1. With springs only between Cα atoms under 10 Å apart, run a GNM on the chain and tell me which of VAL145, VAL16, VAL99 wobbles the most.
2. What does the charge count near ALA245 come to, summing +1 for each Lys or Arg and -1 for each Asp or Glu among other residues with Cβ under 11 Å from its Cβ?
3. So which GluC sites (Glu not before Pro) in the stretch 207-243 pass both tests, a DSSP loop state and at most 13 other Cβ atoms within 10 Å of the Cβ?
4. Taking neighbour Cβ counts within 10 Å as the exposure measure, how do MET29, MET1 sort from fewest upward?
5. Could you calculate the FRET efficiency of ARG17 with GLU242 from 1/(1 + (r/R0)^6), where r is the beta carbon distance between them and R0 is 41 Å, rounded to 0.05?
6. Cα-Cα pairs above 17 Å in the stretch 202-289: how many percent?
7. What's the magnitude of the charge dipole for the chain around its Cα centre, counting Lys and Arg as +1 and Asp and Glu as -1 at the beta-carbon? Answer in Debye, nearest 20.
8. Report the Cα centroid-to-centroid distance between the stretch 1-36 and the stretch 91-151 in angstrom, as an integer.
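None of the figures in this text is laboratory data; all of them are computed from the coordinates on show. Fair warning: this is a prediction, and the values are worked out from it, not measured in the lab. Because the Cβ atoms are built from the backbone with ideal geometry, glycine has one as well, and the counts that use them run over all protein chains shown.
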Amino acid sequence: MILVTGATGSIGTHLVRLLLDRGIPFRAMVRDEAKGKALGCDFVVGDFDDPASLGPALKGVDRLFLNAGGAEPVDGEQPMIRQQRAAIDAARAAGVSRVVKISVWHAHRGGRLAEGAHWEIEEYLKASGLSCSILQPSGFMQNFVTGAGTFTADGKLIGAYGDAGVSYVDCYDIAACAAALLTGPDGEGETYVVTGPRALTQAEIAQQLSTTLGRTVEQIDLTPEELAAALRAQGLADHFAEDVAELSRQVATGRLEPTTTVVRELSGREPRTFAQFLAANSGQFFQSS
């Protein structure tokens, strides 16, 4: 039995569908009962912030898909660290045999925002004694669906990486990799960097979005300092804005441009291109008011 956490998220919804289609026994953990019912699968209500709910959620489970948790710092702390550590402790107590964790590419000690938080969780998981596999995705193609943090209010695509590309990956492909690790014997102790088939610049993204949406999607380039100022203007904390700005400086060096063959190796098929992703999600993209 597999427990899928983050079951209503960008990766979790795809994983739920893949497991349902394959007839694989699993249970989804959700915080909202109504959202659990909408998934159309066996589910349990649980919350990373309520450790007492994790034991019942893990009853009879031997494999755990570990994802989600708070990403934005609260009083300088990443709640995801505390939350996922609690889930790891509960999994060990429940006798779980394998954990497949969603992390982030370039997770490292002292990293900004999620990079540092995921590194701490990865280290805790490795030291737990549990068998584990770690997926470190590149940027999500899904970031372009809602427009949050990606578009201006009037629909312009924000560019903060200069001419550098990002090897964006469809969450459908991340879920397919997770399904392979959760249902097969391979991957113990391994860390996989999951990318799309090629890196795209923001200018190339804007061009492909224009074709899909049937209107010109303009791009505006912001410096890291301008990006930080825009985030502060939205009411975000100074340290958070500066961390995001620093990460954009790093992406502008090309650190997210490389691609891997992990999707093909784990799922048996090529990763979706951005054009294929757009076709599969037409009608769901951000539209300016």
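1. VAL145
2. Here the count lands on -3.
3. GLU218
4. Ranked by crowding around the Cβ, least crowded first: MET1, MET29.
5. Plugging the Cβ-Cβ distance into 1/(1 + (r/R0)^6) gives 0.60.
6. Above the 17 Å cut-off, the stretch 202-289 has 67 percent of its Cα pairs.
7. 900 debye
8. After rounding, the separation between the Cα centres reads 18 Å.
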